[in-house]
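Laboratory data are not the source of any read-out in this text; all were calculated from the coordinates shown. Since we're looking at a predicted model, the values are computed, not measured. Note: ideal-geometry Cβ built from the backbone for every residue, glycine included; neighbour counts use all protein chains shown.
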Amino acid sequence: MEPASRVLVVGSVNLDTVLHCDHLPGPGETVLAEAMSSGFGGKGANQAVAAARLGARVTLVAAVGDDDAGAAALADLTTEGVDTGGVVVVPGEPTGRALWRTISEKDLVVLDGVFNAIDDADGFARQCAQGVEFGFDGKTLIHPSQVGPANAAFSPEADEVAWARKVADAFAEPENSVKGVLRVEGRMVERLHLAEAHRLIAVADAIAAHEARDG
């Protein structure tokens, strides 16, 4: 028998929370979830478990917080046969959260964990900047003073929103309604770019509506 393949996975470990809704909320709208469920995930953890189930010897390099979710995730990975010797437990930090909203099609929002030192504005700003670099969609907040800095860090830039509106407007033209690819200002854009444009516009509009309400 050939020895099992050795696989090293570098990635994330999250606690996934799935909210079942009949539609996405608009700016200022509250939508009640019909059901909620939780489970462990993260692209790194999922890949590690999949490889282990296929018979590979898997080592995962990742990080979790020093909370109950992190401990449970490590136990779950160990049960699946994944070597968690490369997983770092970060003191004072929560394990990452990912929120799934199930509607007619799946979309994913990944939020960075909380920053507990509410009086450390510079530290919060640095962690928001790191979250943007790591590809998080937003930040889990625990104090009203964190809302403004988080919105500033995770808001799309004005030029990004302007371009997104141009892409959306181009596809909205009647003659382009069934086309999969367009040229917008000399650049090729596809329907996947349209989906990203709609997401950016929705984020920008929601932040603008929130700021308008708060004056």
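Kindly put D16, D66 in sequence by how many other C-beta atoms sit within 10 Å of each C-beta, fewest to most.
Placing the least packed residue first, the sequence is D66, D16.
Check G86: other-chain or 5+ apart residues with amide H under 5 Å from its amide H, H built from backbone geometry?
Hits under the 5 Å cutoff: L60.
Using Cα atoms only, what is the angle between the long axis of helix 191-214 and the major principal axis of the chain, expressed in degrees (0 to 90) to the nearest 10?
Helix 191-214 sits roughly 80 degrees off the main axis of the chain.
Using the count of nearby Cβ atoms within 10 Å as a rough guide to exposure, how do F40, F134 rank from fewest to most?
So the residues, fewest neighbours to most, are F134, F40.
Counting C-alpha atoms alone, how compact is the range 30-141: give Rg to one decimal and Dmax as a whole number, in angstrom.
15.7, 48
Which order do L74, L32, L99 fall in if you start with the one that has the fewest other Cβ atoms within 10 Å?
The most exposed by this proxy come first: L32, L99, L74.
Sort the range 35-90 into rounded, prolate or oblate with this rule: let a ≥ b ≥ c be the square roots of the eigenvalues of the Cα gyration tensor; rounded if a/c is under 1.5, and if a/c is not under 1.5, prolate when a/b is larger than b/c, oblate otherwise.
Here the range 35-90 falls in the oblate category.
For the range 156-215, report the translational diffusion coefficient in µm²/s to the nearest whole number, using Stokes-Einstein at 10 °C, 1.306 mPa s, and a Kirkwood Rh over Cα pairs.
Estimated via Stokes-Einstein, D reaches 130 µm²/s.
Taking the simple approach of a point 7 Å from Cα along Cα-to-Cβ for both L192 and E157, what is their distance in nm?
Reported label-point gap for L192 and E157 is 2.2 nm.
For the pair A71 and D122, how long in nm is the line joining their label points, each one 7 Å along Cα→Cβ?
Here the answer is 3.5 nm between the modelled labels.
For the chain, count all C-alpha to C-alpha pairs, find those more than 30 Å apart, and express that count as a whole percent of the total.
Within the chain, distances greater than 30 Å cover 37 percent of Cα pairs.
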